[in-house]
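The values are calculated or read from the model by the stated rules, or taken from the named source; none is laboratory data. Values in this document were obtained by computation on a predicted structure and should not be read as measured data. Methodologically, a virtual Cβ is constructed for each residue, glycine included, from the backbone with ideal geometry; neighbour enumeration extends over all protein chains shown.
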Amino acid sequence: MAETEREMDERARELKGLPPAAEPLVERELEGEEVAAGGPPDHGPEREFTVATKTQFQLVLRRFLAHRLAVASLVVFLLVVLVSLIGGRLWHYNYEDITPQFSTAPNGQHPMGTDGLGHDGLAQVLRGSQKSVQVALLVAFLSTTAGTLIGAVAGYYRGVVDAILMRFTDLILTLPAIAILIVLAVNLVRGGGSWLVVAIVLAALGWTSIARVVRGVFLSLREKEYVEAARALGASDWRIISRHLLPNATGAIIVNATITVAVAILSETALSYIGVGIQSPDVSLGSLISDGQQAATTRPWLFYFPGLIIIIIALTINFIGDGMRDAFDPAQKRIRA
């Protein structure tokens, strides 16, 4: 029978007059398992104590799913977005259609009633939700993109670049936002409000908070050891920003983007309410509330249904942002709801 490697090693030590080598405890246990099993060890201990590694995305997703209120809010918000985008195409009334029923209370034919001109309430709310959601999502995209770029450049380069960009940001922050929005809307929106123009106007003043948050995160991250190592290896500024800093700032950016969506919805509602946002013949939730405020006591369905949709959208987005904040914060141990 051929000698094993251990037996050959022991024989060589005996010839040299050396004491026998001590066997590691783990090897003796494995050999015992091999003798008992009649074959090579089946890596039982390794299987027993092996922990499957999880990616950063999996960890974030797991923490977010543990926040039940945020998950429920995400489902509700997606349903509102889906219904607002395709519901008008499926409903048998168009928001511009005039029916022979005027100021009708909610019934089977008109679930949200009709207004004084005979417009179907559900069709109008679907159209208003669609425009409000479009405005909010576009504002969030434009504001987040601009704020991230400005904040990243200011936080990474510091010095004169940081001073110029942050003083410009402070200047925008000191301006009365509502007054500026009204002036811009009045001068840009003529002959009926365009949701695209309203979104651009809102985004022009909505990027400042995101820029300051991203700047603060970058000021902290640029001093980390891995950034110094990348810089020492000759990595370019763009590579350091895109590969090392931006991925680590994603949590703060996403959370602030969700907040921007809620703020944009309410800002668009305010502009349309005072008559400088989306205007007739198109509608938004804000314009529907503005038109229905005079009939809040006599025809409450014209006022409360659009208001309820706004409340649902704003609350669900806030809860989603709360869940994302907990998911991206590894130090957040407490899981609510």
Q. In the list 120, 162, which residue meets the criterion of being of a type in the set (Asp, Glu) and buried (at least 22 other Cβ atoms within 10 Å of the Cβ)?
A. 120
(Q) Can you go through 104, 114 and tell me which one is buried (at least 17 other Cβ atoms within 10 Å of the Cβ), modelled with pLDDT of 85 or more and assigned by TED's automatic domain parsing to the domain that holds residue 281? (A) 114
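Give the residue, chosen from 263, 283, 276, that is touching a Phe, Trp or Tyr at 6+ places or on another chain (Cβ under 9 Å) and closer than 16 Å to residue 131 by Cα. Before the answer, list the steps.
Numbers: 263 fails: touching a Phe, Trp or Tyr at 6+ places or on another chain (Cβ under 9 Å); 276 fails: touching a Phe, Trp or Tyr at 6+ places or on another chain (Cβ under 9 Å).
Matching residue, one of 263, 283, 276: 283.
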Q.
Among the residues that make up region 104-115, is at least one of them of a type in the set (D, E, K, R) and either more than 17 Å from residue 285 (Cβ to Cβ) or in contact with a His (Cβ under 9 Å, 6 or more places away or on another chain) (or both)?
A. no
Q) Within region 82-95, can you find the residues that are part of a helix (DSSP H, G or I) and either under 15 Å from the mean Cα position of the chain (by Cα) or of a type outside the set (A, V, I, L, M, F, W, C) (or both)? A) 84, 87, 88, 89
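Per-residue answers, yes or no, for (1) within 30 Å of residue 166 (Cα to Cα); (2) touching a strand residue (DSSP E or B) at 6+ places or on another chain (Cβ under 8 Å); (3) in the same structural domain as residue 169 (by TED's automatic domain parsing):
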{"position": "74", "(1), (2), (3)": "no, no, yes"}
{"position": "92", "(1), (2), (3)": "no, no, yes"}
{"position": "97", "(1), (2), (3)": "no, yes, yes"}
{"position": "118", "(1), (2), (3)": "no, no, yes"}
{"position": "134", "(1), (2), (3)": "yes, no, yes"}
{"position": "141", "(1), (2), (3)": "yes, no, yes"}
Q. Could we say that residue 212 is basic (Lys, Arg), under 24 Å from the mean Cα position of the chain (by Cα) and at pLDDT 90 or above here?
A. yes
Q | Subset of region 291-302 (residues that are at pLDDT below 80 and either surrounded by 17 or more Cβ atoms within 10 Å (Cβ to Cβ) or in contact with a strand residue (DSSP E or B) (Cβ under 9 Å, 6 or more places away or on another chain) (or both)) | A | 291, 292
